Amino acid sequence: MSVALSTTTLTEKELEGPPVDIKTLSEKEKQELSTSDTISIASGTTLAPGDAPFYGVKSLHINTKGIPVLRLPLPPSELQISIHNPDGTLAYLSTRERRSSGNSILSDTSGNQLIGTTYFFGPSRDPVLHILGTESQEIRTVSKWTSRCQKFLLPDGRTFEWEYKKEKGVGDKGKKGTALALSMDGKRMAMLVRNKDTRTEGSKGCSAGNGGELVLGRDVGMEKEGLGLSEEVVVATCLLMLKKEVDRRRTIQFMVLLSAAHGS
């Protein structure tokens with residue numbers, strides 16, 4: 001079944017621009033984006049039998065609906081994303097200054113600004129996370145911009161990676177499903193589980209950038225001992241991965257509209 005999306009009633013300002021200038025993208029980059037958008041949500045690398053089991057000790061819920069497959073490629077209207085404790089109390093708040101910007105600030109419940117994200121999407125335009133309240137403390141991505149897996153470089157030279165993992169227990173009714181998993185030195189640190197019981201209300205399994213249950217391992221919060229990562233770094237980088245999902249989806253939606261407009 002085909003669905004036609006019309007933009008005849010939208011002005012250029014209302015539609016805004018795509019996350020990246022599509023005219024500058026190579027055919028290879030377009031294909032990589034299309035593939036990444038499709039498999040990021042529904043598929044991933046299967047957990048190998050020899051991988052160490054992951055035991056969560058704490059969970060948070062990221063509350064954001066993301067964007068569906070069939071829609072005009074407008075940026076999300078949410079300017080704030082709330083992150084809650086299991087009892088429903090607020091843990092963190094991520095705030096964008098305006099709808100057209102991907103830059104954001106992660107704050108705690110006292111309003112203390114913890115991490116600022118300077119967001120870019122496109123070739124040679126990598127996002128940078130700034131650990132606020134410190135000097136020259138930056139976290140950078142060191143992966144290809146079209147990749148659905150992203151490696152992050154910490155100020156002390158350590159690296160960690162968010163990637164999509166397909167395994168038992170994270171899908172609907174405990175079945176096999178795909179989780180967004182964080183690992184460091186081959187050890188699982190956290191994972192975002194999005195099934196019908198945990199994903200943000202109003203979103204679907206095919207949504208891009210939607211929230212869910214962020215399960216944290218025992219090494220989260222052990223950064224002062226040089227063993228793990230701070231909780232706020234895990235949250236901020238997970239939100240960055242969701243933002244990338246949204247922009248991959250929006251770029252594909254723009255490509256579809258442009259193709260339809262040119263009759264191809």
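The values are calculated or read from the model by the stated rules, or taken from the named source; none is laboratory data. Since the structure is predicted, the reported quantities are computational estimates derived from the model, not experimental observations. Cβ coordinates were reconstructed from backbone atoms using ideal geometry, including for glycine residues, and neighbour counts include every protein chain displayed.
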Give me a count of the residues in the range 196-216 that are in contact with a strand residue (DSSP E or B) (Cβ under 7 Å, 6 or more places away or on another chain) and at pLDDT below 95.
3
Residues of the range 55-93 being among the aromatic types (Phe, Trp, Tyr) and surrounded by 15 or more Cβ atoms within 10 Å (Cβ to Cβ), which ones?
TYR92
With the requirement that a residue be exposed (fewer than 15 other Cβ atoms within 10 Å of the Cβ) and either farther than 12 Å from LYS65 by Cβ or among the small types (Gly, Ala, Ser) (or both), what does the range 188-205 give you?
LYS196, ASP197, GLY202
Pull out all pairs, ordered by first then second residue, where Cβ-Cβ is under 6 Å, the residues are six or more apart or on different chains, the first lies in the range 133-153 and is more than 23 Å from GLN113 (Cβ to Cβ), and the second is at pLDDT 90 or above and of a type in the set (D, E, K, R).
VAL142/LYS151; SER143/LYS151; CYS149/GLU163; LYS151/GLU161
Within the range 206-218, work out how many residues are closer than 11 Å to ILE67 by Cα and either surrounded by fewer than 18 Cβ atoms within 10 Å (Cβ to Cβ) or without any contact (Cβ under 8 Å) to a residue 60 or more places away in the chain (or both).
1
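Can you tell me how many residues within the range 66-98 are at pLDDT below 85 and over 16 Å from the mean Cα position of the chain (by Cα)?
5
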